Amino acid sequence: AFPGMTTVRVVSRDGRPVSAASPGYIEVRTNGRVLTYLGEAERYAEQEHDAWWRMGDVGYRTRWGCLHLLDREVDVIPGFGSTLTAEDALFSALDELVEVIIVPGPDGTAVPVVCTRDDKPLDPAAWARATAGLPPMAEPVQRRLEELPQTATIKIKRLELAKALGDESRGR
């Protein structure tokens, strides 16, 4: 937060107190935000609550006031924890990864999609060591980086990737 200009709060998503185990919606009250989304005034209005603007992220605050952003709202996999934290841990543990994205599978299970340097096969033993302390996930799905749906700024389109994996599992 910027004193005098921006205030941040985290509000419950489910009526329980906000915590690491039950993250809430991150909202800001600030003069430094956009006034609408071009051509999407309705979507923007849905994010505004009594001058608080819902950022689209979930997280929690510690008792010292430190804000922890865990995931984008649309990327939350119920019962998994933070996909961003798990992805960071995997990147730190496996030098061969050039990309890892954890998305929900058709049954709600977390599915890691991995891309490796030079498209080499992922070492199963190294993967098992790297995932030992992480929440349970499906077996990794390996793809070439250029096969992943990307935005113009080269971010992975997670929702589109999850849909494609679901379509594949249903044989479409």
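The values are calculated or read from the model by the stated rules, or taken from the named source; none is laboratory data. None of the values given here were measured: they were computed from a predicted structure. Note that we place each Cβ from the backbone using ideal geometry, even for glycine, and neighbour counts take in every protein chain shown. For the accessible areas, the whole protein counts, side chains as well, though only heavy atoms, and no ligand, DNA or RNA atoms are used. Shrake-Rupley method; radii C 1.70, N 1.55, O 1.52, S 1.80 Å.
Tell me, what is the percent relative contact order of the stretch 71-115, built from C-alpha pairs under 8 Å that lie six or more residues apart?
32 percent
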Positive-end residue, the stretch 1-149 charge dipole about Cα centroid, Cβ charges, pick of Y60, I77, A130: Y60
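Select from the stretch 51-104 those trypsin sites (Lys or Arg not before Pro) which occupy a DSSP coil region and have at most 16 other Cβ atoms within 10 Å, ordered by residue number. Write out the running numbers ahead of the final one.
Working: sites: R54, R61, R63, R72; in loops: R63.
Those that pass, being in a loop and sparsely packed, are R63.
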The chain - mean residue ellipticity at 222 nm from DSSP helices (-39,500 (n - 2.57) per run, n ≥ 4, rounded to 500): -6000 deg cm²/dmol
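Can you give me the Rg/Rh ratio for the stretch 112-157, using Cα atoms for both radii and the Kirkwood formula for Rh?
Details: Rg = 12.3 Å, Rh = 12.1 Å.
Using only Cα positions, Rg/Rh for the stretch 112-157 is 1.02.
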Evaluate E = 1/(1 + (r/R0)^6) for W53 and S12, where r is the Cβ-Cβ distance and R0 equals 25 Å; express this FRET efficiency to the nearest 0.05. 0.90
Using a cut-off of under 16 Å, list every residue of the stretch 81-110 whose amide N is near the label point 7 Å from the Cα of S169 along the Cα-to-beta-carbon line. 101-110
Express the relative contact order of the chain as a whole percentage, based on alpha carbon pairs under 8 Å and six or more residues apart in sequence. 14 percent
By how many degrees, 0 to 90 and rounded to 10, does the Cα axis of helix 158-169 deviate from the longest principal axis of the chain? 40 degrees
Given points 7 Å out from each Cα along the Cα-Cβ axis, report the A89 to R63 separation in nanometres with one decimal. 2.4 nm
Probe 1.4 Å, all protein chains in place: accessible area of T6 in Å², nearest 10? 20 Å²
Nothing charged except the Cβ atoms of Lys and Arg (+1) and of Asp and Glu (-1): what's the magnitude of the dipole of the chain about its Cα centre? Round to the nearest 20 debye. 480 debye
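Given the stretch 1-94, what whole percent of its Cα pairs are spread farther than 22 Å?
Numbers: 1552 of 4371 pairs.
Of all Cα-Cα distances in the stretch 1-94, 36 percent exceed 22 Å.
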Surface accessible to a 1.4 Å probe, per residue, for the residues of the stretch 36-172, Å²: 61 Å²
If you project the alpha carbons of the chain onto their three principal axes, what span does each projection cover, largest first, in Å? 52, 40, 28
Percent accessible area from carbon and sulfur atoms, the stretch 14-172, protein chains only, probe 1.4 Å: 54 percent
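Considering only DSSP beta bridges where both residues belong to the chain, give the percentage that are antiparallel (nearest 5). Write down the numbers at each step before the final one.
On the way: 25 of 27 bridges.
Given both bridge residues lie in the chain, the antiparallel proportion sits at roughly 95 percent.
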Out of D123, D75, D57, a Gaussian network model of the chain with alpha-carbon springs under 10 Å gives the largest mean-square fluctuation to D123
